[in-house]
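A.B. asks: Sharing a structure, written as structure tokens. Questions coming.
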Amino acid sequence: MDDKKLSGIERELVLQYLIDGNVPVTITPLENQYEADKIHSLNAQVIPIAIRPEHMTVKDNGEIFLENPNQNVLDLINKQIKVEFYFNRVGLFFISTLKSTKKGIYLQLPKIIDRISDDVEEKEYDLIANVYYELKSKKNLNINCYPWNKIELYKRPVWKIIPLENQKKAKDILENFVETAKSEKNTSKNIGNGIQLISVCHFLTYKEDKMESMQNRQKPVNILYIDHERVVLGQEINNSSESEKSFELDYEYGMKLSFSIKKGPVDTRDIFVTIQVNQIYQNDNKYCFDCKYKTMQEEDLRFLYEKTTSSLFI
């Protein structure tokens, strides 16, 4: 039996779990159904629709009735949809057709339910950072940081990378950051030209609708911005756990930056730097750490400048 599929007794346990209630689900239409459509709702195609437990009634035969569905749901009648939910923190999904009969609008729980698999790409990152030491307490660390997949790391960030629906919130956050920066312009907290704040606002306002294989799992630290003067890291803290942010304001850390070298006698270029957390930006359970380099070799400065600006270091 495939350990990614649930059937028999396991399916019955899931069914009883749904019957007992208090299980929110999301429904998403399968995208290939829209390839031939000329007119359809863009939101219904892209954004999962949340169904609250009080708007569902689950029968012993596996029929899931939706009560008082909105128009976005009604648009999906007679279409195949993906239904996702968490069962004891494990992400599950099934495919079903939304039907409308005299009994009401309902889905049928199939005989086999699938586990959600994370889309882990076996790719070689162009850059991986490792924070390995905290200087104040002389504490060894092992915090890996990976490029955030919602940005192009070596392109100058522009406002349009922020989804339109997030731009108002991002603008409000940015204005607050800029006001604070004005008062710190001539201090060690100077943020430079501030271009990195676009990436910061993008990360702080971005909401991931996609369900994962395991609910409330701690996510890795992301690299949001890098140049020859600073590196900006982002971290989302799991509210349901006792996790804390990984870095503290004004603390100094040892960091290794490993760049993939596609041409040359070696596979990677490792750069060892000391960083200091210059600013911490927060929105809800998300943090961004704007870190300045405190120590760096001259040849590494040249490499970083040319790598991140595509210009010669003169």
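The values are calculated or read from the model by the stated rules, or taken from the named source; none is laboratory data. Keep in mind the model is a prediction, meaning the values are calculated, not measured. Using ideal geometry, Cβ is built from the backbone for each residue, glycine included, and neighbour counts are taken over all protein chains shown. Note: accessible area is taken over every heavy atom of the protein model, side chains too, but ligands, DNA and RNA are not part of it. Shrake-Rupley method; radii C 1.70, N 1.55, O 1.52, S 1.80 Å.
A.B. asks: Test K245 against the stated conditions and say whether it is under 22 Å from V131 (Cβ atoms), assigned to a strand (DSSP E or B), touching a residue at least 40 places away in the same chain (Cβ under 8 Å) and open to solvent by 50 Å² or more (accessible area, probe 1.4 Å).
C.D. replies: Working: under 22 Å from V131 (Cβ atoms): yes; assigned to a strand (DSSP E or B): no; touching a residue at least 40 places away in the same chain (Cβ under 8 Å): yes; open to solvent by 50 Å² or more (accessible area, probe 1.4 Å): yes.
It is false that K245 is under 22 Å from V131 (Cβ atoms), assigned to a strand (DSSP E or B), touching a residue at least 40 places away in the same chain (Cβ under 8 Å) and open to solvent by 50 Å² or more (accessible area, probe 1.4 Å).
A.B. asks: Just give me the residues in the range 3-19 being open to solvent by 90 Å² or more (accessible area, probe 1.4 Å) and at pLDDT below 90, in sequence order.
C.D. replies: Within the range 3-19, D3, K4, I9 qualify.
A.B. asks: Determine if the range 186-194 includes at least one residue that is among the aliphatic types (A, V, I, L, M) and touching a residue at least 12 places away in the same chain (Cβ under 8 Å).
C.D. replies: First, the residues of the range 186-194 that are among the aliphatic types (A, V, I, L, M): 191.
Imposing the further condition that a residue be touching a residue at least 12 places away in the same chain (Cβ under 8 Å) reduces the set to 191.
For the range 186-194, residues among the aliphatic types (A, V, I, L, M) and touching a residue at least 12 places away in the same chain (Cβ under 8 Å): present.
A.B. asks: Moving on. Is the range 147-167 home to any residue that is open to solvent by 60 Å² or more (accessible area, probe 1.4 Å) and among the aromatic types (F, W, Y)?
C.D. replies: yes
A.B. asks: Let me ask something else. How many residues, within the range 141-164, are within 15 Å of the chain's Cα centre (by Cα) and free of Cβ contacts under 8 Å to residues at least 40 places away in the same chain?
C.D. replies: Going through the range 141-164 one residue at a time, the tally reaches 2.
A.B. asks: Give just the number: which of (1) open to solvent by less than 60 Å² (accessible area, probe 1.4 Å); (2) within 30 Å of R217 (Cβ to Cβ) does E124 not satisfy?
C.D. replies: (1)
A.B. asks: Here's a follow-up. Condition first: open to solvent by less than 70 Å² (accessible area, probe 1.4 Å) and hydrophobic (A, V, I, L, M, F, W, C). Now tell me which residues in the range 252-295 satisfy that.
C.D. replies: Once the filter is applied, which keeps residues that are open to solvent by less than 70 Å² (accessible area, probe 1.4 Å) and hydrophobic (A, V, I, L, M, F, W, C), the range 252-295 yields M255, L257, F259, I261, I271, V273, I275, V277, I280, C288, F289, C291.
A.B. asks: Of everything in the range 181-213 that's of a type in the set (S, T, N, Q) and at pLDDT 85 or above, which residue is nearest to the chain's Cα centre (by Cα)?
C.D. replies: Here is the first cut: in the range 181-213, the ones of a type in the set (S, T, N, Q) are 183, 186-188, 190, 193, 196, 199, 205, 213.
So of that shortlist, the ones also at pLDDT 85 or above come out as 193, 196, 199, 205.
Numbers: N193: 26, Q196: 18, S199: 13, T205: 11 Å.
Looking at residues that are of a type in the set (S, T, N, Q) and at pLDDT 85 or above, I get T205.
A.B. asks: Looking at the range 171-200, which of the residues that are within 15 Å of V232 (Cβ to Cβ) and small (G, A, S) is most open to solvent (accessible area, probe 1.4 Å)? Lay out the reasoning, then the answer.
C.D. replies: Kept after step one, since they are within 15 Å of V232 (Cβ to Cβ), are these residues of the range 171-200: 173-174, 177, 181, 189-200.
Of the ones still in play, those that are also small (G, A, S) are 181, 192, 194, 199.
On the way: A181: 21, G192: 48, G194: 15, S199: 4 Å².
Per the criteria, the residue is G192.
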